[in-house]
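FYI, it's all coordinate maths here, none of it is from the lab. As the structure is a computational prediction, the values presented were derived from the model and not from experiment. Cβ atoms come from the backbone with ideal geometry, glycine included; neighbour counts cover every protein chain shown.
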Amino acid sequence: MAKTSPYESGELTDSMFLILLTIINPIHGYKIMQKIKDMTDNNIIIGPATMYTTLKKMRAAQWIDEIPSEDGKILYQITNKGRDILINDYRKKQNIVDIAKKELGEEYE
Amino acid sequence: MNKYRFCNGLAIFPEHDMKMLSDMSRSGWHIVGLSGLMYKFKSGDPIPYIYSVNFEKTVDDNMLDIYSESGWEAIVLNNGYQIFRATEGTAPIFSDKQSEIDILKEQRNLCGKGALISLTILIVFIMVFYLTDIRNGLELLIVIPIVCFIFTFFPFIGSVFHIRRVCNKKE
């Protein structure tokens, strides 16, 4: 377990990574979980406590914005800072996968 | 008809209490609230519900929408602790360790601060009464910092152990 918080290091957990991906366009909090289920063919289910805490922490870190919608609920959307963090982490993950591809060869594709 | 059971200390043995609530539901007694240190149950059909506790500092509608969308119904809602219920097979409220540890650390820090402050007040109280001869009933006020200390120190210890358990849990 890393000692520094991922909100400081920018090293995203899988849940954080997926949540950021779903809020590129404004979305209701409760719809994020369904979207992640759909995106991952029901393989990843984010629990509500994990979802809510992660959103709260991301907001405190200014990775996401809360926009009030007409029905009184809150919409979440990624900020420029959040987008930078997401893209940074994406490149890091991509890089490690590229290395693995080279080392493992085609048969593991 | 109602039944009551003592709360074993939500912050210290949360799993123990959640299992008890689940066992009660299986035998047809469903929790309707927690007042003080007592769980209150009402009788109904036996249903194998599962229960979970969380320790969010504050509660809002937005949060409840997210829970109900996941199949978790709020049973006890207080700032600081919340109990949720779902049918068997519902995915757990925490899906990764990081988020669970984040919340527990918040709780630990808050209770730790509270315990430290009430302990300081308690020591000042004891010194004042030890060094002076004031004996006019005011000394009974010492109960206040003692109670505050108990209700912050035990949750503090509870969250320290809880964090350790979550850290050692296999994912």
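Confirm whether residue B:129 is aromatic (Phe, Trp, Tyr), free of Cβ contacts under 8 Å to residues at least 40 places away in the same chain and crowded, with 17+ Cβ neighbours inside 10 Å. Spelling it out, it is not the case that residue B:129 is aromatic (Phe, Trp, Tyr), free of Cβ contacts under 8 Å to residues at least 40 places away in the same chain and crowded, with 17+ Cβ neighbours inside 10 Å. Residue A:21 meets all of the listed conditions (1) within 12 Å of another protein chain (Cβ to nearest Cβ); (2) out of contact with any helix residue (DSSP H, G or I) (no Cβ under 6 Å at 6 or more places or on another chain) but one, namely (1). Does residue B:13 count as in contact with a helix residue (DSSP H, G or I) (Cβ under 8 Å, 6 or more places away or on another chain) and touching a residue at least 24 places away in the same chain (Cβ under 8 Å)? The answer is yes for residue B:13.
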